[in-house]
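Worksheet: one structure, shown below.
Values in this text are rule-based calculations from the coordinates and carry no lab data. Because the structure is predicted, anything quoted here is derived from the model rather than measured. Cβ placement follows ideal geometry from the backbone for every residue including glycine, while neighbour counts extend to all protein chains displayed.
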Amino acid sequence: MKIAIDAMGSDSAPAPEVQGAIEAAREFGLELILVGDENVIQTEAAKHGGLPAGVTIRHATEVITTHEEPTKAFRTKKDASISVAARLVKNGEADALLTAGSTGALVVVGTLGIGRMKGIERPALGTIFPTVGPPVFILDIGATPDCRPEWLVQFALMGDVYAREILGLKQPRVGLLNNGAEEEKGNALTKATYPLLKAIPGLNFTGNVEAREVPFGGADVVVADGFPGNVLLKTYEGVAMGIFKALKEALTSTPRAKVGALLAKPALKQMAQKFDYTEYGGALLLGLKAPVVKCHGSSNAKAIKSGLRVMRAALQGNVIDKLGTSIASYNATQTQE
């Protein structure tokens, strides 16, 4: 497997991308292509003993930033690192793409540069949410706002395959993000989507899931429109950071509290690790012809490495083909009806 990495995408590019790629190549034995300014990448690689065998560079002179209009930037910046990386995938020179750059640019470049899977109308970003129990997979978290019911159905089918193949769940519970658990609750979109999900043969649809149930594993897969899904993600991140900050302040407020913190340090470290986004890598942009992973813009080398681990699992599990089979099977049943 060969993975193209947009080396100029993150807030601190190319440092995290280069270090993460070097560590992943050494540990996982991956073939990687770092796409970006060759001189800058080589300078960064020298800090880590140079590029190991299997890691190469493809020079690119431009970068699409988060402040640019994605479609316009895609059309005008032909030599942007993310666009060059996508072309490597489309041309068969790479099997997958990873970036920590602009989400909007990735959706445009992925859709137009790599192409959507047959039967998929819109892509969805799916990511792991840490919980007090097993992690929950949520999609969409920002790729496709203003969804239609049939798009959410496709998200559910893709999430079900991901949970089976990557999380190893035999019969994942699929829920619909909503403002109430009752079937009649929600807006026009969720009300129209509910019966469609309920009618899918073989899908373990367990009904609506409220946002407050997500941290407690209210479902294994949570399906959402990209707008509320992204709001849930950002709220989740903010609350987690707020709790850890308040906890740190409380545990260092008095000499007695500091003693208690010292005793609780192993447990606190374990909890922090469980809610550390760098442990989970990035979000998969599902619905494209090849695996694409979007890492956080503030990713460090550990997050890039974790994202490459997610990518390796998707490639080894042949997730794209299995997603295609699931969508084709559902579409066939709809045609027959």
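If we count every other residue with Cβ under 15 angstrom of GLY260's Cβ, Lys/Arg +1 and Asp/Glu -1, where does the sum land? Intermediate values should be presented prior to the final figure.
Values: positive: LYS248, ARG256, LYS258, LYS265, LYS269; negative: GLU249.
Local charge sum for GLY260: +4.
Would you compute the Debye intensity of the range 122-280 from its alpha-carbon atoms alone, equal scatterers and no solvent, and pass along log10 I(q)/I(0) at q = 0.10, 0.11 Å⁻¹ to two decimals?
-0.41, -0.48
Counting only residues 5 or more places away or on other chains, whose amide H sits under 5 Å from the amide H of LEU32 once H atoms are built in the peptide plane?
ILE3, VAL55, THR56
Counting pairs of alpha carbon atoms under 8 Å apart in space and at least six apart in sequence, what relative contact order in percent does the range 53-122 give? List each step's numbers first, then the result.
Details: 70 pairs, mean separation 22.3, N = 70.
With pairs under 8 Å counted, the relative contact order is 32 percent.
Using each residue's phi in the range 126-135, evaluate 6.51 cos²θ - 1.76 cosθ + 1.60 at θ = phi - 60° and report the 3J(HN,Hα) Karplus result to the nearest Hz, with x for Gly and Pro.
Rounded to whole hertz, the list is x, 9, 7, 9, x, 9, 5, x, x, x.
I need the helices of the chain that pass two filters: whole DSSP H segments spanning 20 Å or more by Cα along the axis, and mean Kyte-Doolittle score no lower than 0.5. Intermediate values should be presented prior to the final figure.
On the way: long enough: 149-165 (24 Å, 0.09); 226-251 (37 Å, 0.52); 255-274 (27 Å, -0.21); 301-316 (22 Å, 0.24); 319-336 (26 Å, -0.15).
Going by DSSP H runs, the hits are 226-251.
Describe numerically, in nm with one decimal, the distance between label points set 7 Å from Cα along Cα→Cβ at ASP79 and at GLU237.
Rounded to a tenth, the inter-label distance reads 3.2 nm.
Could you please report the charge total around GLY175, scoring K, R as +1 and D, E as -1 over all other residues with beta-carbon less than 10 angstrom from its beta-carbon?
Details: positive: ARG173; negative: GLU210, GLU213, ASP220.
Once positives and negatives cancel, what remains is -2.
Sketch the reach of a paramagnetic label on ALA328 as a point 7 Å from Cα along Cα-to-Cβ, and name the residues of the range 110-135 whose backbone nitrogen lies under 20 Å away.
115-123
So what's the net charge close to GLN42: Lys and Arg +1, Asp and Glu -1, counting the other residues with Cβ under 15 Å from its Cβ? Spell out each step's value before the answer.
Working: positive: LYS47, ARG58; negative: GLU17, ASP37, GLU38, GLU44.
So the environment of GLN42 carries a net charge of -2.
Tell me, what is the FRET efficiency for PHE28 and GLU182 to the nearest 0.05, using R0 = 56 angstrom and their Cβ-Cβ distance as r?
On the way: r = 46 Å, r/R0 = 0.82.
Plugging the Cβ-Cβ distance into 1/(1 + (r/R0)^6) gives 0.75.
As a footprinting exposure proxy, order ASP220, ASP140, ASP79 by other Cβ within 10 Å, with the fewest listed first. The partial results should precede the final answer.
Working: ASP220 22, ASP140 32, ASP79 11.
Neighbour counts put them in this order, fewest first: ASP79, ASP220, ASP140.
In nm, give the distance between the simple-model label positions of MET1 and PHE244, each being 7 Å from the Cα along the Cα-to-Cβ direction.
Computed distance between label sites MET1 and PHE244 equals 2.7 nm.
Which of the GluC sites (Glu not before Pro) found in the range 158-251 are loop residues per DSSP with 11 or fewer other Cβ atoms within 10 Å of their Cβ? Let's see the in-between values first.
On the way: sites: GLU165, GLU182, GLU183, GLU184, GLU210, GLU213, GLU237, GLU249; in loops: GLU182, GLU183, GLU184, GLU210.
Those satisfying the criteria are GLU182, GLU184.
Suppose the chain between GLU38 and GLN273 were pulled fully straight at 0.36 nm per residue; how much longer would it get relative to their current alpha carbon spacing? Please list the in-between numbers first.
Numbers: separation 235, 0.36 × 235 = 84.60 nm, distance 3.43 nm.
That works out to 81.2 nm of additional length.
If a paramagnetic tag sat 7 Å from the Cα of LYS191 along the Cα-Cβ line, which residues of the range 135-154 would have the backbone N under 20 Å from that point?
Of the residues in the range 135-154, 146-153 have backbone N under 20 Å from the label point off LYS191.
Quick check on the range 47-126: what are the equivalent-ellipsoid semi-axes from the Cα gyration tensor, as sqrt(5λ), descending, whole Å? Working shown, then result.
Working: eigenvalues 106, 55, 28 Å².
They are 23, 17, 12 Å, listed from largest to smallest.
Work out the FRET efficiency for ALA46 and GLN316 from their Cβ-Cβ distance, taking R0 = 35 Å, and round it to the nearest 0.05.
0.65
For GLY115, enumerate residues with amide H under 5 Å from its amide H, sequence gap 5+ or separate chain, H modeled in the peptide plane.
It is LYS289, by chain and number.
Rounded, prolate or oblate: pick one for the range 143-188, where a ≥ b ≥ c are the square roots of the eigenvalues of its C-alpha gyration tensor, a/c under 1.5 means rounded, and failing that, prolate if a/b is larger than b/c, else oblate. Please report the intermediate quantities before stating the final value.
Details: a/c = 2.94, a/b = 1.53, b/c = 1.92.
Verdict is oblate for the range 143-188.
Using Cα-Cα distances under 8 Å and only pairs 6 or more residues apart, what relative contact order does the chain have, in percent?
Working: 675 pairs, mean separation 72.5, N = 337.
Reported relative contact order: 22 percent.
Please state the relative contact order of the range 122-280 as a whole percent: Cα pairs under 8 Å, 6+ residues apart? Walk me through the numbers before you get to the answer.
On the way: 244 pairs, mean separation 45.9, N = 159.
In percent, rounded to a whole number, it is 29.
Are any of the pairs LYS191/LYS274; LYS2/LYS77; LYS78/LYS302; LYS2/LYS234; LYS185/LYS274; LYS78/LYS294 more than 26 Å apart by Cα-Cα distance, and if so, which? Don't skip to the answer; put the middle values down first.
Details: LYS191/LYS274 34 Å; LYS2/LYS77 24 Å; LYS78/LYS302 30 Å; LYS2/LYS234 32 Å; LYS185/LYS274 33 Å; LYS78/LYS294 20 Å.
Over 26 Å Cα-Cα: LYS191/LYS274; LYS78/LYS302; LYS2/LYS234; LYS185/LYS274.
One-quarter of the Cα convex hull surface for the chain, in nm²? Please report the intermediate quantities before stating the final value.
Working: hull surface 75.0 nm².
Average projection, Cα convex hull of the chain: 18.7 nm².
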